[in-house]
Amino acid sequence: MNALRLLVSLSLAAANIATAAADNLPDDPSVSITDPIIALTNARIIDGLGNPASEGQTIVLRNGRIGAVGASPKIPADAVVHDLSGKTVMPGLVMVHEHSFYSSMVGGPFHMNYMEYSFPRMYLAAGVTTARTTGSLEPYTDLELRERISRGEAIGPKYHLTAPYVDGIGTGIAQLHGVKSPTDAARMIKYWAAEGFTSVKLYVSLPAAEMDTAIKTAHANGLQVTGHIGR
């Protein structure tokens, strides 16, 4: 009975701690600018073409698109002005080998931990405005995240999604499906193409016959193909 009381007490304490932690979470600090006309003044601009940085520049945005750039473009009277003195503006980065997880082998087998909340924010904070993922472990998490970002409900870059890894049997990573035949590989690719993925990634244990079918099926369904091939 004493052990049962202790267990109940510990459970209640854990519940109280979790509730208190949730109550103390800060409000979502998401930044969203919806003004139709915006002027960014006094900015340093790096154009990404190898030219020297330009100081004291102004960028006029209209409905989310750049309308004018220069040292003294006309700023509309109804523009919302943001002074960017001491700040730099550069083109958004387009990255083509990005992940939403990191690996862990602490206290157990190889495992991938998904970071669907923090990673998209970190990409955007680092200047990445478009990202192509390179293999999914939680495909519906990726799809939902992409949709939430497109609806303005979450923060992150524009995502182009790669379907779950197409691998053979024997990789040793429980989160990956090992296809059992060329027919299985084709079935898997067709399914995820229909769900909205735009690429596939072939992985280290995929046999040659399955690989050949996977490539042909992916191309037939309009998907790009990449691979981390170990054989």
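The values are calculated or read from the model by the stated rules, or taken from the named source; none is laboratory data. In this text the structure is predicted, and so the values were computed from the model without any measurement. Because the Cβ atoms are built from the backbone with ideal geometry, glycine has one as well, and the counts that use them run over all protein chains shown.
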**Q.** All positions within the range 166-184 that are among the aliphatic types (A, V, I, L, M) and either closer than 17 Å to ALA218 by Cα or surrounded by fewer than 16 Cβ atoms within 10 Å (Cβ to Cβ) (or both)
**A.** VAL166, ILE169, ALA174, VAL179
Q.
Could you check the range 58-74 and list, in sequence order, the residues that are over 19 Å from GLY152 (Cα atoms) and not polar (S, T, N, Q)?
A. ILE59, VAL60, ILE66, GLY67, ALA68, VAL69, GLY70, ALA71, PRO73, LYS74
Q. How many residues are of a type in the set (Lys, Arg) and within 17 Å of THR88 (Cα to Cα) if we restrict to the range 31-75?
A. 1
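Can you tell me which residue is surrounded by the fewest Cβ atoms within 10 Å (Cβ to Cβ) among those in the range 127-160 that are among the basic types (Lys, Arg) and more than 17 Å from ALA193 (Cα to Cα)? I'd like the intermediate steps shown before the answer.
Residues of the range 127-160 among the basic types (Lys, Arg): 132, 146, 148, 151, 158.
Cutting the leftovers down to more than 17 Å from ALA193 (Cα to Cα) gives us 148, 151, 158.
Numbers: ARG148: 15, ARG151: 8, LYS158: 15.
Looking at the filtered set, the residue picked out is ARG151.
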Q: With the condition kept exactly as written, say whether any residue in the range 114-133 is in the same structural domain as ALA185 (by TED's automatic domain parsing), under 15 Å from the mean Cα position of the chain (by Cα), within 24 Å of LYS190 (Cα to Cα) and of a type outside the set (Gly, Ala, Ser).
A: yes
Q) Which of the residues spanning the range 185-198 are crowded, with 16+ Cβ neighbours inside 10 Å and either over 23 Å from VAL96 (Cα atoms) or in contact with a Gly (Cβ under 9 Å, 6 or more places away or on another chain) (or both)? A) ALA185, ALA186, ALA193, THR198
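For the range 129-145, what are the residues that are β-branched (Val, Ile, Thr), within 25 Å of PHE110 (Cβ to Cβ) and touching a Lys or Arg at 6+ places or on another chain (Cβ under 8 Å)? Reasoning before the result, please.
Taking the range 129-145 and keeping what is β-branched (Val, Ile, Thr), we get 129-130, 133-134, 141.
Still in the list and also within 25 Å of PHE110 (Cβ to Cβ): 133-134, 141.
Passing the criteria: only THR134.
May I ask you to verify whether SER103 is in a loop (DSSP other than H, G, I, E, B), exposed (fewer than 14 other Cβ atoms within 10 Å of the Cβ) and of a type in the set (Ser, Thr, Tyr)?
On the way: in a loop (DSSP other than H, G, I, E, B): no; exposed (fewer than 14 other Cβ atoms within 10 Å of the Cβ): yes; of a type in the set (Ser, Thr, Tyr): yes.
So SER103 does not fit the description; no.
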